[in-house]
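What follows is a set of notes on a single structure, which appears directly below.
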């Protein structure tokens, strides 16, 4: 066999390997170039969803805290019966309603945007807020209570509030780690 033919036969596998490596590297680079804008948009949507939940939860907590004056009036026995129209009118000025809908909406956004490991943390905020609202309603609706029972109800109410307040930071820490690319949070 001639030397040129032998050299061509020996070089063919190397050329094919180099060509296929270049082809696959080019495909991977093209995929990454196409995926980068989509990932950027997805990351922005996730950040917006997390910020919406954080804002809604903090607003809910602030509004609930303002309700303390109203609840305190009921629990202390200063206001005996909320059914009285005049008392409802007086209390109405200091009784802003803590609305759960923004929290629910924000949790739905986080559920859609993901990732999966953040969804239970977001749902925990919603659940704690719902539990707090139920506890507040139950506490306020019972006006025939002794001072000791009122203190116990107040303690239960404060514990329910603290559960909401402590659910928020764990979500924030995990979401921040995810957005900053911490491999532990993935």
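What follows draws every value from the coordinates through simple rules; no lab data is involved. These figures come from a predicted structure and were not determined experimentally. Note that we place each Cβ from the backbone using ideal geometry, even for glycine, and neighbour counts take in every protein chain shown.
What to note about this one:
- The order of 111, 64, going from fewest to most other C-beta atoms within 10 Å of their C-beta, is 111, 64.
- Gain upon complete extension [residue 108, residue 14; 0.36 nm per residue less C-alpha separation]: 28.4 nm
- Highest average first, the peptides 163-176, 16-29 ordered by how many other beta carbon atoms sit within 10 Å of their residues are 163-176, 16-29.
- For the pair residue 155 and residue 100, label points projected 7 Å from Cα toward Cβ lie 2.6 nm apart.
- Legend: calculated FRET efficiency, residue 137 to residue 24, from the Cβ-Cβ distance at R0 = 41 Å, rounded to 0.05, equals 0.10.
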